[in-house]
Structure formats: C-alpha cells, structure tokens
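Visitor: Below is one structure. I have some questions about it.
The values are calculated or read from the model by the stated rules, or taken from the named source; none is laboratory data. What you see is a predicted model, and the numbers here were worked out from it, not measured in a lab. Don't worry about glycine lacking a Cβ; one is built from the backbone with ideal geometry, like all the others, and counts go over all protein chains shown. These accessible areas exclude ligands, DNA and RNA; they are computed on the full protein's heavy atoms, side chains included. Shrake-Rupley method; radii C 1.70, N 1.55, O 1.52, S 1.80 Å.
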Amino acid sequence: MPELETQRQIDAEIAATAHDYEQSGAEETQPRLDYAPYRSSILRHPTKDPHHADPEGIELWAPCFGERDIDPLEADLTIQRRGEPQGEKIVVTGRVVDGQGRPVRRQLVEIWQANAGGRYIHKRDQHPAPIDPNFTGLGRCLTDDDGTYRFTTIKPGPYPWRNHLNAWRPAHIHFSLFGTDFTQRMITQMYFPGDPLFALDPIYQSIVDPKARERLVSTYDHDLTQPEVLMGYRWDIVLTGAHATPLEQEDHQ
Amino acid sequence: MTATSPAPTLTATPGQTIGPFFHFALPFDGDRDLVAPGTPGALLLHGTVRDGDGAPIQDALVEIWQADPSGAVPRRTGSMRRDGFTFTGFGRSTTDISGRYTFTTLAPGGVDGGLPFFGVTVFARGLLNRLFTRAYLPLDGAEPDALLTSVGERAGTLLTERDETGLRFDIRLQGEGETVFLTYPGHSAS
Ligand SMILES: [Fe+3]
C-alpha cells in the first residue's frame, strides 16, 4: 500500500487551487471534475470538454414515480427496525425547485447516510465504529405539490477515509434527485452548519467557489425543532432549468 | 415538441460524488430489468465502465431512460416496484467487479422522428458530478443526426454495437476512446 500523504500536503493543494480560482475572476457553480486533492478523481474525470447538446425526445422528460413505488414510512429512518436508533434525532426538510423556481412535484428523493457513529451499513465500510442494529441509513420519499421533501433521521457522524493520512469526511447526507426532465438528474451531499472539517475535505472543496459550497450546507431551524423530540434542519435544492414547459408535461400525464 | 428554455433565474445546487457507499441504498429489486427476461424482443444493453488506465470501475452506477419501441415516452410509475408488465423506461445498474453494467430492456423507438437512443447518466466514486451521454442504436444506414454530426470523429463513442446478446455500450471516463459526455443549456461546465 502506498504511503498516504499528510493533511498538510492536501491543504496546500486545496489552497493553491482556491488561490488560482480567486485570481481568475470567473464564477464556477459546480464541483470541478478534475480535482487532484480528491485522489480518486485523478483517473476518473473526463479530459475533454463536454459537448453541447440541445435536449430532445426522451431528454425532455423524466421518469415518473408514484405511490406505488414508495411507502410513506420510508421517509422516517428512525422506525425501520424494532428499536430506536442511537444518536441525535433530526428532521431534514426543504423544497426541490427548478432553475425557474418552480416546484418539482411528486418526484422521487432518495437519501443515504452513516449512522451517529459515522458507520455505513456497507460491506466495504471498514471504519471500526459500531453498526446500529436499529438504523439502516436509507430513506426515500416523494415531494409534495409544493416540491417539499421531509425526512426524519439521525444526525450522521463524521467518518475516516483513505484519501490521505487522517482524512475525515464532514458529516453529510447523500441526496439523489430527479427533476421534470432527464437533464436535471443529480446526486449530491448535504452538510451541517459550522462543521470544522469543511476546510480540510477535498470533496467539499472541489466546489472551488465559497458561495457555491455554502449551497450544500443546511440551516438549523428552531421552528422545525420539536420540544423534547428532535432538532430541525432546512435545506432547499435547486435543479438546473427545465427544458419542457410544465404545460407540455401535464398534457402527457 | 420543441425545447423551450426560459432563462434560469436561480443558481443550481452543486453536485457531489456518489461516493463508495451507495450499494445498500440505491439498487432496488428489478432495477436493471425494464422488462422481464424472456419477454419477446428483450435484449441486453451492457458494457464496461473504465477509467483513464483502462481499468474497470467497480463502484459506478449507470442509469438509463428511454422511449418504448414505438417511440412513445413512458409516463407510468412503478420502476421501483416492477409488476413485470408496465414499461416505465427507467433502469438503474451498479457495475460489478469487472466494471460491467447490464440492463434487460427493449430497443427504444425514435421520439418525434429523431434517431432512437437511450439517455444515460453515469455516477461513480471518484467522479465529482454526474455525467450525461446518449447511447444510440446502431445507425444501420440511417443518416447521423445533428448531435452525432456536430461531435465529429468521436461520434462512434455514442453508438451501441450489436452483439450476440443485444447491444454493447462501453463507457470510458478518460483516455483513449473517451466517451463524449454531454452538457445541456442551463448547465454550467463546473
Ligand atoms: Fe458518505
């Protein structure tokens, strides 16, 4: 096994790229695909520019999901097993809208996450934190007519990984989203406010623009917090612009 | 139907990598079987996802979205609870230890007179944002469409190849034979 680099080396690479970005005067809103501090990206990023396509045919539509696909109970990750999971119970809610601010209605949202100790139920997760027999870390729901999703879950813990020596991921929940057309499909990660690991994490820092990075950080919302039950976090998601008009979509329902 | 793109007013939320730990969450029973194996006309759409060294990627996820054989866009729910009868047009496949993904499906028809293709989305550990591409049916003498023509000499990476089981579509993230990935109006490159 090759010797792992130190956090200090990774920090220097992150800082150099951030400096170059600041000097460039350009505005980037998505992560860089070519971001060497995240070592696994080195051989997995395309080297050629993406080719511009005008969406056509199937690309102007998205798959439909419905009541048949999702049990409403799948939105509560704290009741999937017999007992109560360990950790800090939270609610995470927000709206999914398109680039024009229109709600993405009745569409699938999937999440997955580590447990309170930072451990996934995954055979390749070697972190020696305990598995929680009452927590799978998997949730699904459909947005409502206002584009709102809502999950009840446990606040995930940070976890170590092997990108470099002493690498730790900030606590996060993975989100998978569909829009009203194929070109809006996306997967991302939601973070929690004030995490001390933000500056050290090459996956978070692959979004080189500080304003853009902050779009992945949820907000603590005391109005969502329920007395003596759970804490509330709000996180809204904006997909790229839809290409077909809603009217055209409704014609074919 | 023509594409209309009202000017976006909001900046899109950034994507992030799917990471290594999605296998317990995203796959579902029947995810890669858009039709039951043995259905008349069923074919295998399959291929290998490779990195810049040509090594297979064992932790990628490939999704397809397609029209039915008549060129109609499916508007039916039920992808996650397949009934073996309803064609929903959506499929999801993890790659295996050899980097291979597979779908059992039907050949799509062309929508609105266009060439038939599968819309393809690729996710992987180490890939910081999703990638879009198209997997066209073999042209069989048909004229290339505007996109294939504009791509030029790399257009072959967007064409499936017929083989004994169905259609083969390899995906190369980087390097020799790098797949042409697509960006659509309203997307920002980074
Ligand atoms: Fe994770």
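Visitor: Using unit Cβ charges (K, R positive; D, E negative) and no other charged atoms, how large, in debye to the nearest 20, is the dipole of the protein assembly as shown about its Cα centre? Let's see the in-between values first.
Guide: Details: 41 positive and 60 negative charges, 203 e Å.
In debye, rounded to 20, the protein assembly as shown gives about 980.
Visitor: Separate question: Amide H neighbours of A:Val96 under 5 Å, counting only residues 5+ apart in sequence or on other chains, H built in-plane at 1.01 Å?
Guide: A:Val104, A:Thr148, A:Tyr149, A:Ile237
Visitor: For the peptides A:30-40, A:210-220, what is the packing order when you average, over each peptide's residues, the other Cβ atoms within 10 Å and list the highest mean first?
Guide: Numbers: A:30-40: 22.3, A:210-220: 16.3.
In decreasing order of mean packing, A:30-40, A:210-220 become A:30-40, A:210-220.
Visitor: In Å² (nearest 100), what accessible area is buried between A and B, both sides summed, heavy protein atoms only, 1.4 Å probe?
Guide: On the way: alone 15170 and 11220 Å², together 18440 Å².
Looking at A and B, the buried total is near 7900 Å².
Visitor: Toward the positive end of the charge dipole of chain B, about the Cα centre and with charges on Cβ (Lys, Arg +1; Asp, Glu -1), which of B:Leu44, B:Thr94, B:Leu10 goes farthest?
Guide: Highest projection toward the positive end goes to B:Leu10.
Visitor: Hey, in the GNM for chain A with a 10 angstrom Cα cutoff, which one of A:Gln80, A:Gln23, A:Gln184 fluctuates hardest?
Guide: In the Gaussian network model the winner is A:Gln23.
Visitor: Regarding the stretch B:128-190, what are the three Cα extents along the principal axes, ordered largest first, in Å?
Guide: Per principal axis, max minus min of the Cα coordinates gives 38, 24, 19 Å.
Visitor: Additional query: What ³J(HN,Hα) values, in whole Hz, does the Karplus curve 6.51 cos²θ - 1.76 cosθ + 1.60 give for the stretch A:145-159 when θ = phi - 60°, with x put for Gly and Pro?
Guide: So the J values, rounded to whole Hz, are 5, 9, x, 7, 10, 7, 10, 9, 8, 10, 5, x, x, x, 9.
Visitor: Using amide H atoms built 1.01 Å from N in the peptide plane, name the residues 5+ places from B:Ile171, or on other chains, whose amide H lies under 5 Å from its own.
Guide: Amide H neighbours of B:Ile171, under 5 Å, 5+ apart: B:Thr48, B:Val49, B:Arg50.
Visitor: Taking beta carbons within 10 Å but only from partner chains, what does the mean come to for residues A:193-201? Don't jump to the answer; show the numbers that get you there.
Guide: On the way: counts 0, 0, 0, 0, 0, 0, 0, 0, 0.
Mean shielding count: 0.
Visitor: Further question: For chain A, what class follows from the C-alpha gyration tensor (a ≥ b ≥ c being the square roots of its eigenvalues): rounded when a/c is under 1.5, otherwise prolate if a/b is larger than b/c, else oblate? Before the final figure, lay out the partial values.
Guide: Numbers: a/c = 1.77, a/b = 1.09, b/c = 1.63.
It is oblate, given that a/c is not under 1.5 and a/b is not larger than b/c.
Visitor: What part of the accessible area of chain A, given as a whole %, is carbon or sulfur when the probe is 1.4 angstrom? Intermediate values should be presented prior to the final figure.
Guide: On the way: 5960 of 11270 Å².
That share works out to 53 percent.
Visitor: Run the numbers on the stretch B:154-190: which residues show a drop of 50 Å² or more in accessible area, chain on its own versus all protein chains together, using a 1.4 Å probe over heavy atoms?
Guide: B:Gln174, B:Glu178, B:Thr183, B:Tyr184, B:Pro185, B:Ser190
Visitor: Short version: what are the Cα gyration tensor semi-axes of the protein assembly as shown, square root of 5 times each eigenvalue, largest first, in whole Å? Walk me through the numbers on the way to the answer.
Guide: Numbers: eigenvalues 216, 134, 97 Å².
Whole-Å semi-axes of the equivalent ellipsoid: 33, 26, 22.
Visitor: When you look at the Cβ of every residue in A:178-185, what mean number of other chain Cβ atoms sits within 10 Å?
Guide: Details: counts 3, 0, 0, 4, 9, 10, 4, 8.
Mean partner shielding for this stretch: 5.
Visitor: Now, a different point. For chain B, which whole percent of the accessible surface, found with a 1.4 angstrom probe, sits on carbon and sulfur atoms? Please list the in-between numbers first.
Guide: Working: 3720 of 7170 Å².
So the carbon and sulfur contribution to the accessible surface is 52 percent.
Visitor: Further question on the same structure: Which far-off residues, 5 or more places away or on another chain, put their amide H under 5 Å from the one on A:Trp168, with H placed in the peptide plane?
Guide: Sorted by chain and number, the residues that satisfy this are A:Trp161.
Visitor: Have a look at A:Ile79, A:Thr183, A:Pro103 and report the one farthest towards the positive end of the charge dipole of chain A, computed about the Cα centre with Cβ charges (Lys/Arg +1, Asp/Glu -1).
Guide: A:Ile79
Visitor: Mind checking the stretch B:84-190 for chymotrypsin sites (Phe, Trp or Tyr not before Pro) that DSSP puts in a loop (not H, G, I, E or B) and that have at most 13 other Cβ atoms within 10 Å? Could the numbers behind the result be given before it?
Guide: Working: sites: B:Phe85, B:Phe87, B:Phe90, B:Tyr101, B:Phe103, B:Phe117, B:Phe118, B:Phe123, B:Phe132, B:Tyr136, B:Phe169, B:Phe181; in loops: B:Phe85, B:Phe87, B:Phe169, B:Phe181.
Qualifying residues, ordered by number: B:Phe85.
Visitor: At 1.4 Å probe radius, can you tell me the per residue accessible area of the stretch A:56-144 in Å²?
Guide: Working: 3640 Å² over 89 residues.
On a per-residue basis, the stretch A:56-144 sits at 41 Å².
Visitor: Could I ask something else about it? Before I look further, what does chain B give for accessible area per residue, probe 1.4 Å, in whole square angstrom? Don't skip to the answer; put the middle values down first.
Guide: Numbers: 7170 Å² over 190 residues.
For chain B, the per-residue accessible area is 38 Å².
Visitor: In debye to the nearest 20, how big a dipole does chain B give about its Cα centre with +1 on each Lys and Arg Cβ and -1 on each Asp and Glu Cβ? Walk me through the numbers before you get to the answer.
Guide: Values: 15 positive and 21 negative charges, 111 e Å.
Dipole size: approximately 540 debye.
Visitor: May I pose another question? Which residue fluctuates most in the GNM of chain A (Cα springs below 10 Å): A:Glu56, A:Glu88, A:Glu13?
Guide: Of A:Glu56, A:Glu88, A:Glu13, the most mobile in the Gaussian network model is A:Glu56.
Visitor: Could you run the Karplus curve 6.51 cos²θ - 1.76 cosθ + 1.60 with θ = phi - 60° over the stretch B:176-188 and give me ³J(HN,Hα) per residue in whole Hz, x for Gly and Pro?
Guide: So the J values, rounded to whole Hz, are 4, x, 3, 4, 6, 9, 10, 10, 10, x, x, 8, 10.
Visitor: Would you tally the net charge around A:Pro158, using a Cβ to Cβ cut-off of less than 14 Å, leaving A:Pro158 out, and scoring K and R as +1, D and E as -1? Could you put the intermediate results ahead of the total?
Guide: On the way: positive: A:Arg119, A:Lys155, A:Arg169; negative: A:Glu88, A:Asp125, A:Asp195, A:Asp201.
Residues close to A:Pro158 contribute a combined charge of -1.
Visitor: Counting only protein heavy atoms, probe 1.4 Å: which residues of the stretch A:24-55 lose 50 Å² or more of accessible surface in the full assembly compared with their chain by itself?
Guide: When all protein chains are present, A:Thr29, A:Gln30, A:Pro31, A:Leu33, A:Tyr38, A:Leu43, A:Arg44, A:Pro46, A:Lys48, A:Pro50, A:His51, A:Ala53 each give up 50 Å² or more of accessible surface.
Visitor: Just counting partner chain Cβ atoms within 10 Å, what average do the residues of peptide A:105-115 show around their Cβ?
Guide: Values: counts 0, 1, 0, 4, 0, 5, 1, 8, 2, 1, 0.
That average works out to 2.
Visitor: Further question on the same structure: What are the ³J(HN,Hα) values, in whole Hz, obtained from phi via the Karplus relation 6.51 cos²θ - 1.76 cosθ + 1.60 with θ = phi - 60°, for each residue of the stretch B:18-34 in sequence order, with x given for Gly and Pro?
Guide: 5, x, x, 10, 8, 5, 8, 10, 8, x, 9, 4, x, 4, 9, 9, 5
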